[in-house]
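Here is the structure we will look at, set down as structure tokens.
Bear in mind these aren't lab numbers, they're just calculated from the coordinates by the rules spelled out. No experiment lies behind these values; they were computed from the predicted model shown. In this analysis, Cβ positions are derived from the backbone assuming ideal geometry, glycine residues included, and neighbour counts consider all displayed protein chains.
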Amino acid sequence: MDLGIAGRRAAVAGASSGLGLASAKALAAAGVRVVICGRDRTRVEEAAKSVGDDCIGLVHDVGSAEGGARFVAAAREALGGVDILVPNAGGPPPGNFESIDVDLYQPAIDLNLLSTVGMCKAAVPAMQAQGWGRVVAITSVVVRQPSASLILSNTARSGVTAFLKTVATEVAKDGVTVNTVQPGIHATDRMTRLYGPEPDAVALGIPAGVVGDPDDFGKVVAFLCGEPAKFVTGVHLQVDGGAYPGLL
């Protein structure tokens, strides 16, 4: 399918590995000019080479509103503008109500909520002015069904979901769509840390019987950035192999 976005310019955060990297690759395959970021120079440069098509790798920490805004500013300078924004950041430490101290909540909120706020504040007004833009944030299926062992992620990502839903309704009239994609268990480094190198999909409650392929996930992100998805906004799409059992 031709997504109709060849030549567009994308900033993909947290893309030195995992789902961010897979999203950058899918956008590049659709003809988009891509800037990615990560905190480690070697990993970012290697990731940029794997994306190809003149992908630009920048060293930025998007763990705060200020860091997110700086990344967007740098991407705009590198590309001459940003038409597509993919907010993404690593997950906070695992733990539950008993084990997580109060002082760990603010860093999690900075990482998974305020960083996205900063990126959107830096990118969306220019999208509105030009009458076209896409924001597709990578969050987590824990927004729909909180995980007992991921209380920080449950809390911060629920906040960013509400923020983005609100923004979506405000900017839709300007040709800007805002959506989130909520991954379940995929074959990424974080999932390996949480569930081990070969997680049992059935034991983890995945009806599909396998863990997710990051490349497939990236193609979902790219689709939501494309012209065929221009009437899709304010949507929070779980990609989890059927693990989420709810109706809504």
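When R144, R193, R8 are arranged by Cβ crowding within 10 Å, least crowded first, meaning fewest neighbours, the order is R193, R144, R8. Here the dipole of segment 188-245 is about 220 debye; that uses its Cα centre as origin and unit charges on the Cβ of Lys and Arg (positive) and Asp and Glu (negative). Taking every pair of alpha-carbon atoms in segment 65-172, give the share separated by more than 17 Å as a whole percent. In whole percent, the share of Cα-Cα pairs in segment 65-172 beyond 17 Å is 54. Across all directions, the shadow cast by the convex hull of segment 1-54 built on its C-alpha atoms averages 3.3 square nanometres.
Summing charges over neighbours of V160, with a neighbour being any other residue whose Cβ is under 15 Å away from its Cβ, gives +3 when K and R count +1 and D and E count -1.
For the pair segment 58-83 / segment 135-151, the C-alpha centres are spaced 24 Å from each other. With q set to 0.08, 0.13 Å⁻¹, the log10 of I(q)/I(0) for the chain, from the Debye formula over equal scatterers at the Cα positions, is -0.27, -0.74.
Shown for the chain: lysine pairs separated by 8 or more places, or found on different chains, whose C-alpha atoms are under 27 Å apart, numbering 16. Using only the alpha-carbon atoms, how far is helix 18-29 inclined from the longest principal axis of the chain? Give it as 0 to 90 degrees, nearest 10. Approximately 30 degrees, to the nearest ten. The charge dipole of segment 1-122, taken about its Cα centre with unit charges on the Cβ atoms of Lys, Arg (+1), Asp and Glu (-1) only, comes to about 440 debye. Helical runs (DSSP H, four residues minimum) scored at -39500 (n - 2.57) apiece and divided by the length of the chain put the mean residue ellipticity at 222 nm at -12500 deg cm²/dmol. Ranking of L237, L113, L104, L247 by neighbouring Cβ atoms within 10 Å, starting from the fewest: L247, L104, L237, L113. As a rough footprinting exposure proxy, the listed residues E46, E98 were ranked by other beta carbons within 10 Å of their own, and the order from fewest upward is E98, E46. Within segment 174-220, the proportion of Cα pairs with more than 12 Å between them is 66 percent.
Rounded to the nearest 10 degrees, the inclination of helix 41-51 to the longest alpha-carbon principal axis of the chain is 70 degrees. Each Lys and Arg Cβ is given +1 and each Asp and Glu Cβ -1; about its Cα centre, the chain then shows a dipole of about 560 debye.
Compared with the dominant principal axis of the Cα atoms in the chain, helix 115-130 is inclined by about 30°.
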